[in-house]
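S.K.: Can you keep this structure in mind? I'll have questions shortly.
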Amino acid sequence: MSDLEKSLEDETNQVISDFGAQWVKYTDNAGYYASSQLLQDIFGTLLSLNEIKGARTLDVGSGSGRIVNMLLDVGTAHVVAVEPSMAFSVLKENTRGREEQIQYINLRGDQLPDMKLDFAFSIGVLHHIPDPIPVVRRVYDCLKLGGKFLFWVYGKEGNELYLFFVLPLRKITQRLPDSILSILAHILNIGVSIYAFFCLFIPLPLHKYMRNVYIKLDWKTRFLAIFDQLNPAYSKYYTQDEAVALMKSGGFQNIKIERRQNYSWTVIGEKL
């Protein structure tokens, strides 16, 4: 293993550890944060909820089970839930009673066993993987012909001012103990909530996200959204071209991309 490969492996393992600790501590998924309305907002016009009814699906990076439950709530027949971290136990607990519709896999996305599924999803995960290309390629292998993969990632466009302030801050916060970061996130939650209120009346930066997503979240979920931005060892904000290139790297065709709330990208590709 080269020094670069070892560095990527170490960083990947640290991200898995960070999120595992986060989801073990913050296990709740409720309200708009766990709703079919939010799922459709993420899908945008690229995929309707009706299209996945009765489908066999894959969720890469299931965390605490939020997306798994959302997929089952809208009528998917079966979900393969993949989570490599210590949060695997939380995933199983939060999806209790639905075990007959779920296959649980405690592996990384690039280690998936062979399967042939209708749809695959990775919502808010790939931008935390230092080298996501092997994951995208493995997802391609796990879809049947005509199967589709949809992922959602942070966008660079529309976030320039936000990143100007947050990226330097993250160099500090990602080194903080979770207990200290939690206090900071609660303090920031007050300021961000005030900012979101003003966004209802003034088109400030990120106003679409604030109006259409953040303001609909309960207080605890807003805190988690902030904690989630400041905690991981790795986060990438994709340009449009980079997001499309990532999907292409797996071999997908008929690629379509949509800007979500002016701050992120939803991308869908098909296995042909």
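S.K.: Below 8 Å between Cα atoms, with a sequence gap of 6+, how large is the relative contact order for the chain in percent?
M.R.: About 22 percent, as a whole number.
S.K.: Here are labelled values, (1) 19.1, 61; (2) 21.4, 91; (3) 17.8, 54, and one is the computed Rg and Dmax of the Cα atoms in Å for what I pasted. Which one?
M.R.: Recomputing Rg and Dmax of the Cα atoms in Å here gives the entry labelled (3).
S.K.: Compute the angle between helix 3-25 and the longest alpha-carbon principal axis of the chain, please, reported from 0 to 90 degrees and rounded to the nearest 10.
M.R.: Tilt relative to the chain: about 70 degrees.
S.K.: Take every DSSP beta bridge with both residues inside the chain and express the antiparallel ones as a percent of the total, to the nearest 5.
M.R.: 40
S.K.: For a quick protection proxy, order the peptides 42-50, 125-133 by their average other-Cβ count within 10 Å, most packed first.
M.R.: In descending order of packing, they fall as 125-133, 42-50.
S.K.: With 10 angstrom as the radius, rank VAL192, VAL166, VAL153 by how many other C-beta atoms surround their C-beta, starting from the fewest.
M.R.: On the way: VAL192 18, VAL166 15, VAL153 25.
By the 10 Å Cβ count, ascending, the order reads VAL166, VAL192, VAL153.
S.K.: Run the reach check for LYS148 against aspartates and glutamates, Cα to Cα strictly under 14 Å, same-chain hits fewer than 8 apart removed. What comes back?
M.R.: GLU51, ASP59, ASP118, GLU270
S.K.: Can you run phi through the Karplus equation (6.51, -1.76, 1.60; θ = phi - 60°) for the stretch 63-79 and list ³J(HN,Hα) in whole Hz, with x for Gly and Pro?
M.R.: Whole-Hz 3J(HN,Hα) from phi for the stretch 63-79: x, 8, x, 4, 5, 4, 5, 5, 5, 5, 4, 8, x, 5, 7, 7, 10.
S.K.: On to the next question. Using modelled backbone amide H atoms (1.01 Å from N, in-plane), which distant-in-sequence or interchain residues come within less than 5 Å of GLY147's amide H?
M.R.: LYS271
S.K.: So if R0 is 22 Å, what FRET efficiency would SER17 and GLN111 give, r being the distance between their Cβ atoms, rounded to the nearest 0.05? It would help to have the intermediate numbers written out before the result.
M.R.: Numbers: r = 17 Å, r/R0 = 0.76.
So the FRET efficiency works out to roughly 0.85.
S.K.: Would you list PHE164, PHE149 from fewest to most Cβ contacts within 10 Å?
M.R.: So the ranking, lowest neighbour count to highest, is PHE164, PHE149.
S.K.: If you plug each phi of the stretch 231-243 into the Karplus form 6.51 cos²θ - 1.76 cosθ + 1.60 with θ = phi - 60°, what whole-Hz ³J(HN,Hα) values come out, in order, with x for Gly and Pro?
M.R.: Computed from phi, the couplings for the stretch 231-243 are 8, x, 5, 8, 8, 10, 10, 7, 6, 4, 5, 5, 5 Hz.
S.K.: Same structure again: How many Lys pairs in the stretch 1-144 lie less than 30 angstrom apart by Cα atoms, where the lysines are 8 or more positions apart or on different chains?
M.R.: Summing the qualifying lysine pairs gives 8.
S.K.: I would also like to ask the following. What is the fewest-to-most order of TRP152, TRP219 by other Cβ atoms lying within 10 Å of their Cβ?
M.R.: On the way: TRP152 23, TRP219 11.
Listed from fewest to most nearby Cβ atoms, that is TRP219, TRP152.
Each value in this text was obtained by applying a stated rule to the coordinates, not by laboratory testing. Just so it is clear, the model here is predicted, and its values are computed rather than measured. Counting neighbours? That spans all protein chains shown, and the Cβs are built from the backbone with ideal geometry, glycine included.
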